[in-house]
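Undergrad: Next up is a structure, given as structure tokens.
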Amino acid sequence: MESIYFVMSWQCHRSCPHCYDERFHPYQGEQLDAIVAESERNFGRIIANLPETMLYRDLNDLDEDGRPREKVGRIIVAGGEVLLPGIREKVLYPAMEAIYEKYVGLGGVHLIVQTTGDLLTRKIIDELVAHHVDCILVSGVDAFHKGLETKVAQLAFVGKLAVMFESKGIRRLDVDHAKKGIVKPSGKPTYLLFGAQPDLWIGKLWPRGRAMENGLSTARLCDNFCNQLSGGVNFLNLGFQGTEVSIEPNGNVYPCCLKTKMEIGNLLEEPLEVILKRLVGNPVYEAISMGRPERMGISHGWSVETFIEKSEVTLPSGKTYRNLCVGCDRFHEEVLIPLRRAGAAL
């Protein structure tokens, strides 16, 4: 596979107004104990059911004989905030070791840690390197994160992180390399800084979680998140570029980071490759994999026109909002979930 986005914990030290999942927030006491225990209990079984290899063939990069080049895929471990003490020691570091050991003799894997960045220290950077990190993604560089509301504050934050990284010999990842899936162009760990900035694919904000509750998403009906980075496009192309899924701490698997209203399987129960192969040829999931969510309901009597009509919702503010992700939600709620409850074929 090219990419796996593994959410290891719901625990976060923030409750940002733009977050795509309201489950990411600070937990205390027994709730926190339960959150950590779930992650600690499940990560080993989840990793055991990941693909046998993370190698994939890139149809957009051919060798001199016209054959797709074989490349190393990536696993992004994220939260929440995985650098919080309870998660970092009990879950993140052991999981990084398990992932490394699983693939070290099978072509390898690019191991990426995603963090908001404000908890990073030189000591933690050293520990991440010791646990085989290939790239550190800092995803909190935007005005939605407390303390970074201004460009001046963001520049200061970026500068502070750059000094720490560079002092450890970790170089900033070139955007062109990142787009090509190369996270270690020099063979050494790298770092990449981004956030919900207007010029990035995530800038319009996914119509999910607190972003929807607060009416912050500026995406319109023509903004097809399914056909973009982190969307469902190509998720069924097992063995080739573009294949990516998202995994929750309980093992649930989704075809996109935004997450459909119903999981496609669970890694505590069966291998990821079995889950994906079962969906090949299913019109619903083939439409998602083609980045054409408006066609996912055709085999169930939903025309494209019906899907577009269902892609409208009234926000808590009373404003009307339209996006294809809303239509996907309605199709799952009105068709797929009832079918599964009835035990019928999807």
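Undergrad: For the chain, give the percent of accessible area contributed by carbon and sulfur heavy atoms, probe 1.4 Å, rounded to a whole number.
TA: Looking at the chain in its full context, I get 53 percent from C and S.
Undergrad: While we're here: Net charge within 15 Å of K310 by Cβ-Cβ distance, Lys/Arg positive one each and Asp/Glu negative one each, not counting K310 itself?
TA: -3
Undergrad: Skipping prolines and chain starts, which residues have an amide H placed within reach, meaning under 5 Å, of the one on T190, given they are 5 or more residues away or on another chain?
TA: Excluding prolines and chain starts, which carry no amide H, the hits are C135, I136.
Undergrad: How long is the gain from A162 to A143 if the chain were fully straight, where each residue apart is worth 0.36 nm and the alpha carbon distance is subtracted?
TA: Contour length minus the Cα-Cα distance gives 5.0 nm.
Undergrad: Quick one: accessible area per residue over segment 217-261, 1.4 Å probe, rounded to a whole number of Å²?
TA: Using a 1.4 Å probe on heavy atoms only, each residue of segment 217-261 averages 31 Å².
Undergrad: Could you tell me the calculated FRET efficiency between S299 and R57, based on Cβ-Cβ distance and R0 = 22 angstrom, to the nearest 0.05?
TA: 0.15
Undergrad: Past the 25 Å Cα-Cα mark, which pairs from K259/K310; K123/K160; K90/K146; K102/K184?
TA: Among K259/K310; K123/K160; K90/K146; K102/K184, the Cα-Cα distance tops 25 Å for K90/K146.
Undergrad: Once you have the Cα-Cα distance between A34 and N227, take 0.36 nm times their residue separation minus that, and quote the gain in nm to one decimal.
TA: Using 0.36 nm per residue and subtracting the Cα-Cα distance, I get 65.9 nm.
Undergrad: How far is the Cα center of segment 295-319 from the Cα center of segment 125-148, in Å?
TA: A separation of 37 Å, based on Cα centres.
Undergrad: Report the extension gain between H25 and Q197 in nm, rounded to one decimal, defined as 0.36 nm multiplied by the number of residues separating them, less their alpha carbon distance.
TA: This chain segment gains 59.8 nm when fully extended.
Undergrad: If we count every other residue with Cβ under 10 angstrom of L148's Cβ, Lys/Arg +1 and Asp/Glu -1, where does the sum land?
TA: Overall, the nearby charge balance is -1.
Undergrad: Something else now. Given a 1.4 angstrom probe, what's the average accessible area per residue across segment 277-346, in square angstrom?
TA: 53
Undergrad: Now for a different question. From the helices alone, meaning DSSP H stretches of at least four residues, give me the mean residue ellipticity at 222 nm for the chain, per-run term -39500 (n - 2.57), in deg cm²/dmol to the nearest 500.
TA: -8500 deg cm²/dmol
Undergrad: Report the net charge of residues surrounding E244, where surrounding means a beta-carbon distance below 10 angstrom and charges are Lys +1, Arg +1, Asp -1, Glu -1.
TA: 0
Undergrad: Moving to a separate point now. Using a Gaussian network for the chain with springs between C-alpha atoms less than 10 Å apart, which of these wobbles most: C325, C135, C222?
TA: Looking only at C325, C135, C222, the largest GNM fluctuation is found for C222.
Undergrad: Roughly how many Å² is the accessible area per residue of segment 1-141, as a whole number, for a 1.4 Å probe?
TA: 41
The values are calculated or read from the model by the stated rules, or taken from the named source; none is laboratory data. Values in this document were obtained by computation on a predicted structure and should not be read as measured data. A quick note on method: Cβ atoms are made from the backbone with ideal geometry, for glycine too, and the neighbour counts reach across all protein chains shown. Accessible surface is based on the protein model in full, side chains and every heavy atom, while ligands, DNA and RNA are left aside. Shrake-Rupley method; radii C 1.70, N 1.55, O 1.52, S 1.80 Å.
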